[in-house]
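Heads up, the thing below is written out as structure tokens.
What follows is calculated from the coordinates using simple rules that are stated; it is not laboratory data. Treat the numbers as computed from the prediction; the structure is a model and nothing was measured. Here Cβ is always computed from backbone atoms with ideal geometry, including for glycine, and neighbour counts include all displayed protein chains.
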Amino acid sequence: MELHTLQHADGAKKKAKRVGRGHASGNGKTAGRGHKGQKSRSGYSRKPAFEGGQMPLNRRLPKRGFNHQQRHPFAELNLDVLATKFEDGAVITTDTLRERGIVKVLAGGVKILGRGDVDGKKFTVRVEAVSAGAKEKIEKAGGAVELVAAPEAAAE
């Protein structure tokens, strides 16, 4: 068996239907498109939600709620990520997290959450917010938590 001898299995490839090739073919004249109208023309396509000009469903239904921009202003980060990305004795700040591409800092800054464990590493964490569980785990491992104020320019 060589590359130039490879063939498709029997029945795997079906020949394309040749339409518009005369009356005797059974698909002549209108080529299976019916008579006249927009759908019979070449180049026709419509939007997935088009309903023939009727007001579409997504515009008939009322809108509910809103997305408050300052509701969740923190870039959230868990302890297990810190344990894998930083060595023992590291000083972790919002700037170091941004420089390493670990978080995209949002209006309120960074908040450390308590999923995972620090694996006995002693971190000094200087961020805008820390959950109670995360603070407890960091201090239990011998690290320190310092809260800093959110940057004023980013909070607007």
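Overview of values
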{"item": "Check: the range 13-64 dipole with +1 on Lys, Arg Cβ and -1 on Asp, Glu Cβ, in debye", "result": "260"}
{"item": "Rotationally averaged projected area of the range 74-155 (alpha carbon convex hull; nm²)", "result": "4.5"}
{"item": "Two-decimal log10 I(q)/I(0) for the chain, as the Debye equation yields it once each C-alpha is a single scatterer, q = 0.12, 0.13, 0.17, 0.21 Å⁻¹", "result": "-0.68, -0.73, -1.02, -1.24"}
{"item": "Karplus-derived HN-Hα couplings along the range 4-21 (A = 6.51, B = -1.76, C = 1.60, θ = phi - 60°), whole Hz, x at Gly and Pro", "result": "6, 9, 5, 9, 5, 5, 4, x, 6, 10, 9, 5, 5, 6, 8, 9, x, 10"}
{"item": "Residue-span extension gain [Ala132 to Lys104] - 0.36 nm each, minus C-alpha spacing", "result": "7.8 nm"}
{"item": "For peptides 139-149, 79-89, sequence by mean Cβ density within 10 Å, most packed first", "result": "79-89, 139-149"}
{"item": "Residues whose placed amide H lies under 5 Å from that of Ala144, excluding near-sequence neighbours", "result": "Phe123, Thr124, Val125"}
{"item": "Distant-in-sequence amide H partners of Glu128 (H built 1.01 Å from N, under 5 Å)", "result": "Val110, Val148"}
{"item": "Cβ crowding within 10 Å averaged over residues, with 39-49, 102-112 ranked highest first", "result": "102-112, 39-49"}
{"item": "Selected from Gly20, Gly53, Gly11 as most flexible by GNM, with the chain as the system and alpha-carbon contacts under 10 Å", "result": "Gly11"}
{"item": "Per-residue ³J(HN,Hα) for the range 127-132, Karplus 6.51 cos²θ - 1.76 cosθ + 1.60, θ = phi - 60°, Hz, x for Gly and Pro", "result": "9, 6, 8, 9, 6, 4"}
